[in-house]
Each structure stands twice: as structure tokens, then as C-alpha cells.
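The values are calculated or read from the model by the stated rules, or taken from the named source; none is laboratory data. The structure presented is a predicted model; accordingly, all values stated were derived computationally and were not measured. Note that each Cβ is placed from the backbone with ideal geometry, even for glycine, and that neighbours are counted across all protein chains shown. Just so you know, the surface numbers come from the protein's heavy atoms only, side chains and all, with ligands and any DNA or RNA stripped out. Shrake-Rupley method; radii C 1.70, N 1.55, O 1.52, S 1.80 Å.
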Amino acid sequence: MSGRCFSLTEFRNRCYRSAFARWGLRSALTDLRDGTVVHCWVPKARSPAKPDLLLIHGLGANALWQWADVLPHLAPHFNLFVPDLLFFGDSFTSRPDRSDSFQARCLMRVMEAHSVRRLSLVGLSYGGFVAYSMAAQSMEEGAAVAVERVVICCAAVCIEEREIKEGMLSVSDLEQAAGILVPQTPARLRELMSYTLSRHPPLGLIPSCLLSDFIDAMCADYIEQKRDLVREIPRNRKVSEIPKITQPTLIIWGEHDHIFPVELGHRLKRHIGDNAHLVVIKDTGHAFNMEKPKEFHKLLKMFLVDRQPPPASSSPDYESEKCTTEERTSDNGSDPKTKATASTNAPSQA
């Protein structure tokens, strides 16, 4: 850790903690008694009149950074549960499993420990893999927690291991991806930012001291464990073996996502079928929730609160994609690589 007397990142962390508390959440640790401890923000006073909603963050930063802006829009309608995934925040495990399905099983046990029996899910990026796995596990016989509705944000659930080697992504291999997604130098963090958003100020204008501060506060712990999470994502993954979830599902993607091409969103929609809706937010990248937060919040409210599908036609703000003949390209194809861009907000999500 750095010896700086003041950390802007830690200051923002404290601000976010205060915001979570103001919106009725408290910090809770759940010991699963198998070497795993999960930290989760839970309701101070759970309302029986409200449904339960689980918000699952992506790589890059802890839950505070990725969900603070969403709380005002969802807290009035839901009992919110906001966990830190394993190796983020105060969550950890001594077990060797690094799969998203293991993360999902742990969260299912945490929800059960908090007496949650029915919930809906929102998963950002890596959190989307975990959310999908939770939805699939909830369909198994004897599952203690039922999942009602699912929102998957820019998570390439239907990517296959071979496609990384074939060049579908902008990185050459998993080791490069792991190095970028768990950055340890300002240069690597700038590279991550360049992949995350579609618009940005010149990266050279961002002081290295600010980037180093973020790395010290957010990326210095469990480095190899986090990189193992990245390495594990595509391992032995085949679309034909991925279960098809049956819950109403909203898939949201950025039009110019340079981490997971938007074709993977179309593929996931086709895989799930008619109970899934895909919305592509125009002029955004992987972190569309930061670039166009109003559109993101509007979609969440429409799908989770109003329980309405997204609009069937495009608008200036976002475009609802349908599975048309033109979209039914080969699953082996890939989008042309485009030059990535960035923003200073990008480190908090991947």
C-alpha cells in the first residue's frame, strides 16, 4: 500500500459508504463456514412490501463504486442487497475454485442466510456471468432461492474458449486480458480505460499519481486471485453446454463495446430465446452505465419496477434490438476490431 497521507480514492470510498447508509443499507459479513466469507450491503430494515433485488458488480472496483449512482433509482422500490464478489472489498475464500458458478453458489448461500427466498438480479460485466449462473442454479430441483427477473449487462456469457484464440476479442490472449483487467501500473490502467468507454479526454492528461492512488486502493489486494477469475471465465465454455434460463431477461450492451463485441449480446439473446430482450445503447462502450446513466436507469426501472419490456423501436437514446434474419450470422464470426477509447471513470467497472 502507498504511504500517501491522503487518498482521493479512499475519500470517495468513504463518501460512497455514507451514501449506502443514507439509502438504508448496512454492512454485513456472512461466514459460509467453508473458508469463505462474503461481505454484502443489506437493508437495515427489510420491508415485506418490497421485492428483493441483488446488484452484482464487475471487475475493477468494489460494489460501492459501481452501484452508488443506481441506489436513488432502485432503493425506493426494492430491498437492495449489494455484495462484494470474492476477492473484492471484504469478501474472500481459501477455496481454489475461481469459476463464476462458484461465486454464484456463494451468493445464493448468502441470500439464503438473509432469509431471501425470491429475488431479481442485475449483473454488470463479470457480475453478469455470476447473475446468469445464479439464474440457472435457481432452476435446479431443490434450489432454496428463486430468481424472478434477470438483467445482464455486457457479459459475454455465450463466448467460447476457442474464440479468444481465434481473435474475437481485442486482446490476443487471456494473460493479456488478465493484466489489463487487474492493472498494477498507471500505463496498464490507462489501457483498461481505453477499452472501457467510447469517449474520453486525452489519457495523457490524467495524472499518474491519481491512477497510482486508485491502484493502491482498489487493485493491490488478491492480484493473482482476481486474474484467475479472468482466466477462468472462458475455460471449457461451449455455447451448447450453457443452460438456457427461463426467467424474463433484459440484456443491455454498449454499441461500441471494445471488451465484448455487441455480437455476443445478440448471441446471448438468441441462446435464451423469446423471454429475452436485447437493448443496445447507442454511442457508448462497455461502461454504458457511466456514459449514459439516465438511459441505464430508465431501462432498469422499466423492466424491474414497471415490469414492461423495452420499446421495440429505436429512439435517440437507445436501440432495442430484435433477432432478425440479418442478425443470424454465424456464431463463429466476430465484429471488426475498432480503436478503443477511454474515460477517467472507467477503472471502476470491467
Rel. contact order, % - alpha carbon contacts under 8 angstrom, at least six apart, the chain: 19 percent
Under-5 Å amide H pairs with residue 279, H placed in peptide plane, nonlocal only: 251, 252, 253, 321
DSSP beta bridges in the chain [antiparallel fraction, %, rounded to 5]: 40 percent
In Å², nearest 10: area of residue 101 left accessible to a 1.4 Å probe: 40 Å²
3J(HN,Hα) from dihedral phi, region 155-168, Karplus parametrisation 6.51/-1.76/1.60, rounded to Hz, x for glycine, proline: 10, 7, 4, 9, 7, 10, 4, 5, 5, 5, 5, 7, x, 5
Loop-located trypsin sites (Lys or Arg not before Pro) in region 180-263 whose Cβ has at most 12 other Cβ within 10 Å (DSSP): 199, 235, 238, 244
Residue-averaged [θ]222 nm for the chain, counting only DSSP H segments that reach four residues, each worth -39500 (n - 2.57): -9500 deg cm²/dmol
³J(HN,Hα) computed for each position of region 125-132 - Karplus, 6.51 cos²θ - 1.76 cosθ + 1.60, integer Hz, glycine/proline x: 6, 4, x, x, 4, 5, 4, 4
Accessible area per residue, Å², region 68-125 with all protein chains present, probe 1.4 Å: 34 Å²
Whole-percent carbon and sulfur share, accessible surface of region 81-217, 1.4 Å: 52 percent
Magnitude of the charge dipole, region 142-200, Cβ model with Lys/Arg +1 and Asp/Glu -1, debye to 20: 320 debye
Solvent exposure ordering (accessible area, 1.4 Å, most first) of 154, 15: 15, 154
Region 135-270 - accessible surface per residue (Å², probe 1.4 Å): 39 Å²
Pairwise FRET efficiency - residue 306 versus residue 184, Cβ, R0 = 41 Å, nearest 0.05: 0.40
Förster radius 22 Å - calculated FRET efficiency between residue 31 and residue 10 (Cβ-Cβ, nearest 0.05): 0.25
³J(HN,Hα) computed for each position of region 214-230 - Karplus, 6.51 cos²θ - 1.76 cosθ + 1.60, integer Hz, glycine/proline x: 4, 4, 4, 7, 10, 10, 8, 9, 6, 4, 5, 4, 5, 5, 5, 4, 5
